[in-house]
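S.K.: Pasting a structure below so you can have a look.
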Amino acid sequence: MARLEIRDLHASVEGREILNGVNLIVNQGEIHALMGPNGSGKSTLANTLLGHPKYKVTGGDILVDGESIVGLTPDKRAKKGLFLAFQYPVSVPGVTMFSFLRAAYNAVHTDEKNQAPTLFEFREEMNEKMKLLGVDESFMHRYLNEGFSGGEKKRAEILQLALLKPKFAVLDETDSGLDIDALRVVAEGVSKIAGSDLGVLVITHYQRILKYIKPTFVHVLYEGRITASGGEELSLKLEEKGYGWLKEQAGVVS
């Protein structure tokens, strides 16, 4: 069983320290929800995990199966088994979903002899995942996220997740901007993919997505560190009381 370990992680953005000692372990087969108010460092953590160059690690470590990935570029982290679903997926005019997905699939699944999967292998895998997620074939001929609704953009990312088969998926506020129907479609897609070979870190403001994606653990990030951890009852407490009570617990890791 693979393990993603975040160990006393400190990170800064443009010289400003945002993460102040995050500790978290995600095992394959687990779903972790990370909640917190605006400015607590949630998206900073997501981008730092995947190696965005704007986010600088100033202390601590990130390990996959005991191996540090802090010095690796984003593409190498992807090959180690990490995946990030963006809060705001970008549009790429002129690049079809099919072309993008094939390039991403080949990049992650190229073997040690630098041999990429054949077009037939890719099509077979793609068709299987499209059927699983209820994605229409016409989706593949559209330009990446061009003219997509919020729900379609997020569904496209869930399809990427299904195809790439990472060890760990970080979903950075994937519920942002979705109406209740789109939220349900995306959450059901994640639930179909989740299993013993995938660890999931769901980053969110609100408890509503957790009604559909049931977390194994819930954590609260506040002022750059995890100040509370528990089960689903913790997310319900946040829904009821908001984040004001966290000020009393700031600096305490449970």
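The values are calculated or read from the model by the stated rules, or taken from the named source; none is laboratory data. It should be emphasised that the depicted structure is a prediction, and the values quoted were computed from it without experimental measurement. Positions of Cβ are backbone-derived with ideal geometry, glycine not excepted, and every protein chain shown enters the neighbour counts.
S.K.: Which pairs do you get when a residue that is of a type in the set (Lys, Arg), found in segment 24-43, comes within reach of a residue that is crowded, with 22+ Cβ neighbours inside 10 Å and assigned to a loop (DSSP other than H, G, I, E, B), reach meaning Cβ atoms under 8 angstrom, with the pair 6+ apart or on two chains?
M.R.: So the pair list comes out as 42/36.
S.K.: It is to be established whether one or more residues within segment 169-176 are out of contact with any Cys (no Cβ under 8 Å at 6 or more places or on another chain) and either assigned to a helix (DSSP H, G or I) or farther than 20 Å from residue 31 by Cβ (or both).
M.R.: If we filter segment 169-176 for residues that are out of contact with any Cys (no Cβ under 8 Å at 6 or more places or on another chain), which is where we start, we get 169-176.
Of the ones still in play, those that are also either assigned to a helix (DSSP H, G or I) or farther than 20 Å from residue 31 by Cβ (or both) are none.
Scanning segment 169-176 turns up no residue that is out of contact with any Cys (no Cβ under 8 Å at 6 or more places or on another chain) and either assigned to a helix (DSSP H, G or I) or farther than 20 Å from residue 31 by Cβ (or both).
S.K.: Condition (residue is at pLDDT 95 or above, surrounded by 15 or more Cβ atoms within 10 Å (Cβ to Cβ), in a helix (DSSP H, G or I) and not polar (S, T, N, Q)) applied to segment 24-43: is it met by at least one residue?
M.R.: No, segment 24-43 contains no residue that is at pLDDT 95 or above, surrounded by 15 or more Cβ atoms within 10 Å (Cβ to Cβ), in a helix (DSSP H, G or I) and not polar (S, T, N, Q).
S.K.: Right, here's the next one. Within segment 85-144, work out how many residues are polar (S, T, N, Q) and surrounded by 12 or more Cβ atoms within 10 Å (Cβ to Cβ).
M.R.: 7
S.K.: Please determine whether any residue of segment 160-171 is in contact with a Ser or Thr (Cβ under 9 Å, 6 or more places away or on another chain) and at pLDDT below 90.
M.R.: No, every residue in segment 160-171 fails to be in contact with a Ser or Thr (Cβ under 9 Å, 6 or more places away or on another chain) and at pLDDT below 90.
S.K.: Let me ask you something else. Would you pick out the residues in segment 77-101 that are closer than 30 Å to residue 15 by Cβ and either without any contact (Cβ under 8 Å) to a residue 12 or more places away in the chain or assigned to a strand (DSSP E or B) (or both)?
M.R.: 82, 83, 84, 85
S.K.: Output the strands (runs of 3 or more DSSP E) that fall wholly within segment 180-248 and possess 2 or more residues being on the phi > 0 side of the Ramachandran plot and among the polar types (S, T, N, Q), or say none.
M.R.: On the way: elements: 199-204, 217-222, 225-230.
Correct list: empty, since no element meets the threshold.
S.K.: If I filter segment 132-164 down to residues being among the polar types (S, T, N, Q) and assigned to a helix (DSSP H, G or I), which single residue comes out as farthest from the chain's Cα centre (by Cα)?
M.R.: Only one residue tops the list, namely 138.
S.K.: What number of residues within segment 102-123 are assigned to a loop (DSSP other than H, G, I, E, B) and touching a Lys or Arg at 6+ places or on another chain (Cβ under 8 Å)?
M.R.: The total comes to 0.
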